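Encoded as structure tokens, the structure appears first; notes follow it.
The values are calculated or read from the model by the stated rules, or taken from the named source; none is laboratory data. The model shown is predicted, which means the values in this text are computed figures rather than measured ones. Don't worry about glycine lacking a Cβ; one is built from the backbone with ideal geometry, like all the others, and counts go over all protein chains shown.
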Amino acid sequence: MYGMTNQMLEKAKYKIKANKAFMASHGIMIDDKLIPFKNFVANSYVNSDRYIAELQHRAWSVYEYAQSKNLSNLFLTLTLPSVWHPMKSFKGKLIKNRKFGGRSVITVCKHPLTGKKLRILNTDENIDKYSPRNASKELSKLLKKLFDDISYKKILKDERHYFRVTEPHKDGTPHLHISFFMPEDNIQFFVRAINRLFHAPQSKIELNVNNPVNYLMKYILKTLDDLREDSDNLTALSLWYVYHGISRFYTSRTFASLEVYRKLHGKYTLCNLTTAINEDRVQVWRDTTTNAIAHIENDFGSLYVPKPILSRFADHKWRDDIDADEHSYFNYEFEPIKFVEHKKDKFIDVVIDGEEFILINGSLIKPKKQPYQMSDFDLYQYFQNIDIEIVDINHYVHTHNLMIDRGLLIAEPIKASLYSDILAV
């Protein structure tokens, strides 16, 4: 279900358990008392109730803000083309999709002398390129085309808002549900832009949805209810998000930063906090060195001041020999909150004189790592994508046994000679 194999399900469960264990056993020391991370961290499986409540508040805040400006609603479902789907529906059942770009494409031909069949891998096809995580990124790129269109850009920034949910199809390919809010006069122009950019059935438009928050929240809540239970009872749907590292929910940058909102622990709603910051009734101060929030205040005094914390882990103690000025948080000045785009390094595999290398950002070249040099995570991902029909048997056996040695695979070690006999049969 949702493209999740048994190994993927177990890996996601292990990730949750390991994260929970870390959050419970590590923390910060305040007044010689350990405060575990789990007390103040909230995500889909740590403090789930708080996480769900925040999602609902964010969605309802967008809706209330849209109502205050008398904005109309447009609901859009956006899916990816067939090349991203490993399966397709046929007579109510899921079958393999021959158009799927991530399948292993093998050309079968006869040897000119012996007449035996030869299998040649089409190296242009890469299953990683069409993974659910990359599919989610592709959906974001498609959505950006819509945001860059004149039909959306011509709307005033304070009159265009949205919130969206990412959800998988039965085959594990993600799609988007987006609820837009904008003036009624812009709706038809925006609809024509959607139809121009995304032809049916890639897009589906619904207008005048009654209570769009409840309509959209049903897609979120059905993936969150079981997260309150033990991780062994989680559904494949919930584990799909954890395994692929895909976020369920996004909103437009309509309101103040969530970082500021969370520091105040419910003292303001998102709507009220945004209004207060815009009217300079709440000021946010940041450390000039770390850019961390150092102080939040309103007309009546301080709302948030972090304590100077010298240790992050339980086995460390406060150091009395450090001057208080060394960890003072009062070296700051008022600065507006800025959004900085984080650029990731681009890795490209290259082969020079038969030797494999990695090209990073077009400048730095270093030898490609062998399995024994990989981290546990990279080794696990690498092993999942090995095609046993074309890979060298000795390399596969070595990688298989290395997975067992590191505790990443529950199986019996195998020998290359024995494995060759099994394949021959």
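This table checks each residue for (1) assigned by TED's automatic domain parsing to the domain that holds M1; (2) closer than 24 Å to V165 by Cα; (3) not in a strand (DSSP E or B).
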{"position": "L239", "(1), (2), (3)": "yes, yes, yes"}
{"position": "A276", "(1), (2), (3)": "no, no, yes"}
{"position": "D280", "(1), (2), (3)": "no, no, yes"}
{"position": "H295", "(1), (2), (3)": "no, no, no"}
{"position": "S302", "(1), (2), (3)": "no, no, no"}
- Message: Against the conditions (1) out of contact with any His (no Cβ under 7 Å at 6 or more places or on another chain); (2) within 19 Å of T166 (Cα to Cα); (3) of a type in the set (A, V, I, L, M, F, W, C), where does V62 fall short? Just the number, please.
- Response: (1)
- Task: Just name the residue that is nearest to the chain's Cα centre (by Cα) out of those in the range 31-50 that are in contact (Cβ under 8 Å) with a residue 40 or more places away in the chain and crowded, with 18+ Cβ neighbours inside 10 Å.
- Result: S44
- Per the list (1) in contact (Cβ under 8 Å) with a residue 24 or more places away in the chain; (2) in a loop (DSSP other than H, G, I, E, B), residue check on S61 breaks on (2)
- Give the range 261-293 a look and list any residue that's within 18 Å of F40 (Cβ to Cβ) and of a type outside the set (F, W, Y), or say none. R262, K263, L264, H265, G266, K267, A292, I293
- Query: Looking at R98, is it in a helix (DSSP H, G or I) and of a type in the set (K, R)?
  - Reply: no
- Residue count, the range 64-93 (criterion: surrounded by fewer than 19 Cβ atoms within 10 Å (Cβ to Cβ), more than 17 Å from H175 (Cα to Cα) and not charged (D, E, K, R)): 6
- Unmet requirement for A42, which otherwise passes all of (1) among the aliphatic types (A, V, I, L, M); (2) within 30 Å of N186 (Cβ to Cβ); (3) in contact with a helix residue (DSSP H, G or I) (Cβ under 6 Å, 6 or more places away or on another chain); (4) not in a helix (DSSP H, G or I): (2)
